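Student: Just dropping this structure here.
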Amino acid sequence: MINVMKGNLVTNDYLDAMYQNLMNNQVPVNWTYGGYGFLSMKTLHLWIKELKDRREFINNWFEKGTPKVFWMNGFFFPQGFLTGIKQN
């Protein structure tokens, strides 16, 4: 984005909207609705912290086996997880 501000690159509406979101401490819309992340009303800083927590939760599950307690908010789609548990 620095190159855009200096005039070295051409920007478009997509990049401009993302830049405005980042400057306003908001999660860019295309990060959540584009299928790359989870929906949240949190600010960008808290959203990134929660993303790291979710990654750690899933990574621990992978490395240490199935946890005894599940962090339901850590799933992108908890309804699917609950349906899978019922089917098993």
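What follows is calculated from the coordinates using simple rules that are stated; it is not laboratory data. Since the structure is predicted, the reported quantities are computational estimates derived from the model, not experimental observations. Backbone-built Cβ (ideal geometry, glycine too); neighbour counts: all protein chains shown.
Student: Pick out, from 17, 84, 38, the residue whose Cα sits farthest towards the positive end of the charge dipole of segment 2-87, with +1 on the Cβ of Lys and Arg and -1 on the Cβ of Asp and Glu.
Tutor: 84
Student: Okay, moving on. Which order do the peptides 23-32, 60-69, 9-18 come out in when sorted by mean C-beta neighbours inside 10 angstrom, highest first?
Tutor: Going from most to least packed, we get 23-32, 9-18, 60-69.
Student: In nm, to one decimal, how far is the modelled label at residue 11 from the one at residue 43, with both set 7 Å along Cα→Cβ?
Tutor: That separation, rounded to one decimal, is 2.2 nm.
Student: With only Lys, Arg, Asp and Glu charged, each at its Cβ (+1 for the first two, -1 for the last two), find how big the charge dipole of the chain is about the Cα centre; round to the nearest 20 debye.
Tutor: Values: 9 positive and 6 negative charges, 67 e Å.
In total the dipole reaches around 320 debye.
Student: Calculated FRET efficiency, residue 61 and residue 87, Cβ-Cβ r, R0 25 Å, to nearest 0.05? Display every interim value, and only then the final one.
Tutor: On the way: r = 19 Å, r/R0 = 0.75.
Plugging the Cβ-Cβ distance into 1/(1 + (r/R0)^6) gives 0.85.
Student: Calculated FRET efficiency, residue 75 and residue 24, Cβ-Cβ r, R0 25 Å, to nearest 0.05?
Tutor: 0.35
Student: Can you give the Kirkwood hydrodynamic radius of segment 20-63 from its Cα pairs, in Å with one decimal?
Tutor: Hydrodynamic radius (Kirkwood, Cα only) of segment 20-63 equals 11.1 Å.
Student: Would you mind checking the radius of gyration and Dmax of the chain based on alpha-carbon positions, in Å?
Tutor: Just the Cα atoms of the chain yield Rg and Dmax of 17.5, 57 Å.
Student: Restricting to lysines 8 or more places apart or on different chains, can you count the pairs in the chain with Cα atoms under 25 Å from each other?
Tutor: Within the chain, the lysine pair count is 7.
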